[in-house]
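Peer 1: Would you mind keeping the following structure in view while I ask a few things?
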Amino acid sequence: MIRIGHSWDVHRLVEGRKLILGGIEIDGYSKGLLGHSDADCVLHSLAEALLGSLALGDLGDFFPDTAKETLNIDSKIILKNVYEIVKNKGYKLVNCDIMIYSEMVKIAPYKFLMRQEISKILDLNIENISIKATTWEKMGFIGRNEAIAAETVILISNSN
């Protein structure tokens with residue numbers, strides 16, 4: 001049996017935060033993403049797509065933004081924990097397709113590093129991880145450099 005998951009996540013850019021995308025720190029930017037965790041919208045969209053593929057809810061059900069123990073949590077931990085839930089249900093990730101929406105950050109130099117990091121976290125062949133990026137042509141909150149978003153589509157299969 002196969003299942004598909006989809007998610008979109010967005011976080012506001014603010015001064016004084018590290019910019020973390022796809023599990024790596026992006027140097028050279030004065031703004032980072034605001035959130036209860038490290039606000040990595042790439043890993044959040046991937047984790048939430050995994051949850052959605054099995055109709056398990058959303059990240060807030062597992063990692064509420066009111067929980068002190070998850071304050072500033074590394075999103076790699078979130079993704080790893082979510083994938084353990086998926087594997088315990090008898091499924092494995094087949095592939096993921098991730099789109100990053102950013103005006104300010106040029107993603108191209110980081111795509112391979114992000115794919116490597118996700119590959120390590122999920123023990124998935126890097127050839128099954130796609131990362132793409134686009135701008136919003138200076139339109140809307142992303143185009144005005146107020147936020148960065150990520151959208152993910154995944155396929156999982158029953159590993160039994």
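Peer 1: For segment 59-69, what does the Karplus curve 6.51 cos²θ - 1.76 cosθ + 1.60, with θ = phi - 60°, yield as ³J(HN,Hα) per residue in whole Hz, taken in order and with x for Gly and Pro?
Peer 2: Using θ = phi - 60°, the values come out as 4, x, 6, 9, 9, x, 6, 9, 7, 5, 5 Hz.
Peer 1: Here's something else I'd like to know. Among residues other than L79 whose Cβ falls under 13 Å from its Cβ, what is the net charge (Lys/Arg +1, Asp/Glu -1)?
Peer 2: It works out to a net charge of -4.
Peer 1: Okay, moving on. Hey, what angle do you get for helix 41-53 against the long axis of the chain, alpha-carbon based, 0 to 90 degrees rounded to 10?
Peer 2: 30 degrees
Peer 1: Comparing R12, R144, R115, which has the greatest mean-square fluctuation in the GNM of the chain with Cα pairs linked when under 10 Å apart?
Peer 2: It is R144.
Peer 1: From the square roots a ≥ b ≥ c of the eigenvalues of the alpha-carbon gyration tensor of segment 69-160, which class results: rounded (a/c under 1.5), prolate (a/b over b/c), or oblate?
Peer 2: The shape class here is prolate.
Peer 1: Place the peptides 121-128, 31-38, 103-110 in order of packing, highest mean first, counting for every residue the other Cβ atoms within 10 Å and averaging per peptide.
Peer 2: By packing density, highest mean first, the sequence is 31-38, 103-110, 121-128.
Peer 1: Sticking with this structure for a sec: Among DSSP beta bridges lying fully in segment 2-158, give the percent that are antiparallel, nearest 5.
Peer 2: That works out to approximately 80 percent antiparallel.
Peer 1: Using only Cα atoms, find the angle between the long axis of helix 75-88 and the longest principal axis of the chain, and express it within 0 to 90 degrees, rounded to the nearest 10.
Peer 2: 20 degrees
Peer 1: So, one more: Calculated from DSSP H runs of 4 or more alone, at -39500 (n - 2.57) each and per residue, what is the 222 nm mean residue ellipticity of the chain, nearest 500?
Peer 2: It comes out at -8500 deg cm²/dmol, rounded to the nearest 500.
Peer 1: Can you give me the Cα centroid spacing of segment 49-92 and segment 132-160 in angstrom?
Peer 2: Each part's Cα centre sits 18 Å from the other's.
Peer 1: Sort T134, T152 by Cβ crowding within 10 Å, fewest neighbours at the top.
Peer 2: Going from sparsest to densest Cβ surroundings: T134, T152.
Peer 1: Please order V86, V14 by the number of other Cβ within 10 Å, starting at the fewest.
Peer 2: V14, V86
Peer 1: Measure nothing but the geometry: give the 0 to 90° angle between the long axis through the Cα atoms of 111-122 and the longest principal axis through the Cα atoms of the chain, rounded to 10°.
Peer 2: On a 0 to 90 degree scale, this one is about 40.
Peer 1: At a 10 Å Cβ-Cβ cut-off, how would you order S102, S30, fewest neighbours first?
Peer 2: In increasing order of surrounding Cβ atoms, one gets S30, S102.
Peer 1: Also, I was wondering about something else. Whose amide H sits under 5 Å from the amide H of I148, counting only residues 5 or more places off or on another chain, with H placed in the peptide plane?
Peer 2: Correct list: H11, L13.
Each reported figure results from applying straightforward, stated rules to the coordinates on display, with no laboratory input. As the structure is a prediction and not an experimental result, all values here were calculated from the model. Virtual Cβ from ideal backbone geometry, glycine too; neighbours counted across all protein chains shown.
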